[in-house]
Amino acid sequence: MKTIQFANVEDQYRKYAGELQATDVQKLSDWVKGQTHLPPVTELELILFLHSNYYDLEAAQRTIECYYTFRTSCKNLFGNRNLDKDAILMAMDVLDLAILPELTPEGYRVMLAKIVDPDASKFSLSSLLTLALMCVDIQLWEEGCNNGSILIIDMDGIHLGHLPKLGIFTLKDLLYFIQEGLPIRLKGLHLANVVPFIDRIMTMIRPFMKKELLEMLHLHTKMHTLFPYIPQHLLPSDYGGLAQSRKSLRGNITHRVRCLIDMV
């Protein structure tokens with residue numbers, strides 16, 4: 001059975017030779033060791049923080065500070081990992097998450113998310129986001145650095161019954177973490193098959209989004225307007241693409257999530 005396989009550090013240095021410097025990684029490591037409130041940080045994680053900040057040491061330090069401090073303090077998004085495993089397992093039945101196997105022409109990794117159980121009584125935003133962030137962690141650990149990341153949220157299956165469960169404080173926490181603490185180069189956020197009440201959702205989240213994030217947010221009433229950003233052939237077969245079905249791709253990542261929750 002496949003478990004989590006961490007990316008090889010030497011491969012990262014070779015892949016980004018000329019930009020990724022071992023001396024910078026060492027400087028960042030020394031800084032982390034001097035911050036007594038921070039946990040040990042692996043060399044791979046240091047590389048991810050540097051790369052996501054385009055090798056700016058001070059920016060990487062700020063991201064590390066946010067990443068670890070927020071994960072400790074924000075129980076909405078991180079508490080369930082070891083406090084309520086059943087909630088994560090239920091979230092797996094409600095939400096499909098798929099990591100597309102091929103990169104975009106620009107070298108971006110794409111994650112696709114979709115609600116597959118429309119029963120609003122099973123919808124827990126904090127549990128779903130905890131699951132999603134666990135999948136992001138695993139993808140980063142296994143792949144290492146890439147040129148950028150794109151998130152697609154297929155809103156088909158979301159209805160008005162879900163709206164009262166979109167907790168504004170949880171959404172605020174999520175957007176803060178994405179913008180300040182997540183060690184990725186976010187290149188696009190696409191909402192596809194948008195619901196008729198999307199304006200109400202945007203009213204909730206817009207105040208917590210920086211200009212940079214708003215500029216990379218795209219709303220699509222249909223899937224086909226997504227294709228100029230993500231070529232259709234990269235998508236799962238459910239969407240007319242050449243990749244495996246969304247269900248198959250979902251199984252690839254959720255198996256590793258199960259391994260991860262068994263470890264904590």
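The values are calculated or read from the model by the stated rules, or taken from the named source; none is laboratory data. Because the structure is predicted, anything quoted here is derived from the model rather than measured. Every residue, glycine among them, receives a Cβ derived from its backbone with ideal geometry; neighbour counts consider all protein chains shown. Remember, those area values only see protein heavy atoms, side chains included, never the ligands or the DNA or RNA. Shrake-Rupley method; radii C 1.70, N 1.55, O 1.52, S 1.80 Å.
Quick notes
- Restricting attention to the range 180-208, the residues being closer than 30 Å to Leu50 by Cβ and either assigned by the TED database to the domain that holds Thr42 or touching a strand residue (DSSP E or B) at 6+ places or on another chain (Cβ under 8 Å) (or both) number 7.
- Among the residues of the range 217-232, the one identified as under 25 Å from Glu142 (Cβ atoms) and open to solvent by 50 Å² or more (accessible area, probe 1.4 Å) is Tyr229.
- Some residue of the range 233-241 being touching a Lys or Arg at 6+ places or on another chain (Cβ under 9 Å), open to solvent by less than 50 Å² (accessible area, probe 1.4 Å) and in a strand (DSSP E or B): yes
- A single member of Leu95, Leu77, Leu50 is at pLDDT 90 or above and open to solvent by less than 10 Å² (accessible area, probe 1.4 Å), and it is Leu50.
- Of all residues making up the range 134-156, the number that are open to solvent by less than 10 Å² (accessible area, probe 1.4 Å) and in a helix (DSSP H, G or I): 4
- Taken together, the criteria exclude Lys27 from residues that are of a type in the set (D, E, K, R) and under 26 Å from Leu128 (Cβ atoms).
- Residues of the range 185-200 that turn out to be in a helix (DSSP H, G or I), open to solvent by 20 Å² or more (accessible area, probe 1.4 Å) and in contact (Cβ under 8 Å) with a residue 12 or more places away in the chain, as a count: 1
- Qualifying residue in the range 168-184 (condition: closer than 22 Å to Cys135 by Cβ, open to solvent by less than 30 Å² (accessible area, probe 1.4 Å), without any contact (Cβ under 8 Å) to a residue 40 or more places away in the chain and outside any strand (DSSP E or B)): yes
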